[in-house]
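A short write-up of the structure that comes next.
The values are calculated or read from the model by the stated rules, or taken from the named source; none is laboratory data. No experiment lies behind these values; they were computed from the predicted model shown. Methodologically, a virtual Cβ is constructed for each residue, glycine included, from the backbone with ideal geometry; neighbour enumeration extends over all protein chains shown. SASA here: full protein model, heavy atoms, side chains in, ligands and nucleic acids out. Shrake-Rupley method; radii C 1.70, N 1.55, O 1.52, S 1.80 Å.
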Amino acid sequence: AGRFGTPGDEDVKTVLHEYWHAVQHSFITTLDHDKRNKIMGPVWFVEGSAEFMAQYGAAQLADQERMPNVPKGDFLFSYEEQMANKLHDIENEFSNGCAGRNLSSIIEYSDPCSGVGYALGAWAIAHLLSGTDVDALLKNFHPIVENVGWEKAFEAVFGRTVTDLDKEIKRFWELPKSEKMAILPRP
């Protein structure tokens, strides 16, 4: 932690990101690797939800003054700043070969644009959770995903298809940065 000027909080966020993957997997009992991957969902969802929940979780820890005492680093680490950086990352990806991509096209890790799934997925999750309970993934989605499948769980919990979400995110993307930032659930 704290190497190369990186705040230790970034390392804590990374641990929370990986922990969220353990949470995701904990709801799936099948040991068949292919079935597990299908149940987990597309890369934008798997990585986007891990990234968002890690950012949100780190912010909760900081707000509750429970963040571990780690080196501060050379720049401020905050939920809002990290999510704002993701907006910039998405713009870069869209202007560097991933233009025209949407969530429903970011499915596999082998896709050269799968990296945008982390940031765009995090914002899609923030958008989804801003219209419901921030705990909807943990309380509603993951408990049913293995029984009904990823798509049906998504539609049941969020009341829309991924195609509908693609349209919403396209409109969302046209909003000014301040309006995008305003949808972030508060820790």
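Say whether the condition of being under 17 Å from Pro7 (Cβ atoms), open to solvent by less than 10 Å² (accessible area, probe 1.4 Å) and at pLDDT 95 or above is met by at least one residue in the range 94-109. No, there is no match, as no residue in the range 94-109 is under 17 Å from Pro7 (Cβ atoms), open to solvent by less than 10 Å² (accessible area, probe 1.4 Å) and at pLDDT 95 or above. Contact annotation: residue pairs with Cβ atoms under 7 Å, 6 or more positions apart or on different chains, pairing a residue in the range 159-187 that is surrounded by 10 or more Cβ atoms within 10 Å (Cβ to Cβ) with a partner that is of a type in the set (Ser, Thr, Tyr), are Val162/Ser104; Thr163/Ser104; Asp166/Ser104; Ile183/Ser130; Pro185/Tyr56; Pro185/Ser130; Pro187/Tyr56; Pro187/Tyr79. For the range 141-156, the set of residues classified as without any contact (Cβ under 8 Å) to a residue 24 or more places away in the chain, in contact with a Phe, Trp or Tyr (Cβ under 9 Å, 6 or more places away or on another chain) and within 23 Å of Ala22 (Cβ to Cβ) consists of Phe141, Ile144, Ala153, listed by residue number. Evaluated against (1) modelled with pLDDT of 85 or more; (2) open to solvent by less than 40 Å² (accessible area, probe 1.4 Å); (3) on the phi < 0 side of the Ramachandran plot, Glu18 falls short on exactly one condition, (2).
Checking each residue in the range 141-154 for being crowded, with 16+ Cβ neighbours inside 10 Å and not aromatic (Phe, Trp, Tyr) picks out His142, Val145, Glu146, Ala153. Which residue is modelled with the highest pLDDT, if the candidates are limited to the range 33-58 and must be over 21 Å from Val157 (Cα atoms) and crowded, with 23+ Cβ neighbours inside 10 Å? For the range 33-58, the residue satisfying everything is Gln55. Give the residue, chosen from Leu31, Leu87, that is of a type in the set (A, V, I, L, M, F, W, C) and touching a helix residue (DSSP H, G or I) at 6+ places or on another chain (Cβ under 9 Å). Only one candidate passes the filter, namely Leu87.
Among the residues of the range 61-75, are any of a type in the set (Lys, Arg), in a helix (DSSP H, G or I) and open to solvent by 50 Å² or more (accessible area, probe 1.4 Å)? No, because not a single residue in the range 61-75 is of a type in the set (Lys, Arg), in a helix (DSSP H, G or I) and open to solvent by 50 Å² or more (accessible area, probe 1.4 Å).
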